[in-house]
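Student: Provided herewith is a single structure, encoded as C-alpha cells, for subsequent inquiry.
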Amino acid sequence: MSEPLSAGAAWSVVFTGIIVVFAILVVLVFLCSLLSIVIGGKGKKDKKEGTVQKSEPPKAAPAPVPAAPAPVVEEGIPGEVVAAISAAVACMLGSDKPFAVRSVKRARESRPAWNAAGIAENTRPF
C-alpha cells in the first residue's frame, strides 16, 4: 500500500493546482480578447463611437421625423398588433433613431402540421 501524503506535500499539491487553474484562466482571457480584436468585435466599435461622441458637440433637439406612410398590412392582422409591433421596434431602437414600419406580414409555418404533430408526439415526457 502507498503511504498517505504528509501535510506539507498535500498543501504543495493544493497550491500547485490553484496556480495551474488560474494560469490557464488568464491565458483563456487573453486568447478571448485577442480573438475579439482580430474578428473586430464589440470593443473596437465602442472605441470608435467614444471618439466620435467626444469630438461632436451635443445637439440641442432632434429634428422632427416626417410622417411615414401607413404600413402595408396583410388581411387579418388588427391595427392593435401593428401598433404593438411598432412600439416594440421603437423601444429596441431608442428614441434618437427614426424608423418606419413599411409592411406587416404573418410568418409562414416553419414546418407542416403533420411534421409538428410527429415531433410533439415523439418528444412528449414519459
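Student: Using the Cα gyration tensor of segment 87-126, with a ≥ b ≥ c the square roots of its eigenvalues, what is the shape: rounded (a/c below 1.5), prolate (a/b larger than b/c) or oblate (neither)?
Tutor: It is oblate, given that a/c is not under 1.5 and a/b is not larger than b/c.
Student: Convert each backbone phi in segment 90-95 into a coupling constant with the Karplus relation 6.51 cos²θ - 1.76 cosθ + 1.60 (shift: θ = phi - 60°), then list the ³J(HN,Hα) values in order as whole Hz, x for Gly and Pro.
Tutor: 4, 5, 6, 7, x, 7
Student: Got a sec to turn the phi values of segment 113-123 into Karplus ³J(HN,Hα) couplings, 6.51 cos²θ - 1.76 cosθ + 1.60 with θ = phi - 60°, whole Hz, x for Gly and Pro?
Tutor: 4, 5, 5, 5, 5, x, 5, 5, 6, 7, 10
Student: Here's a follow-up. Which order do peptides 82-92, 30-40 fall in by mean Cβ count within 10 Å, highest first?
Tutor: 82-92, 30-40
Student: Show the residues, 5+ positions off or on another chain, whose built amide H is closer than 5 Å to the amide H of V73.
Tutor: The answer is V104.
Every number here is computed from the coordinates shown, using simple stated rules; none is lab data. In this text, all values refer to a predicted model and were calculated from it rather than measured experimentally. Positions of Cβ are generated from backbone atoms using ideal geometry, with glycine treated the same way; all protein chains shown enter the neighbour counts.
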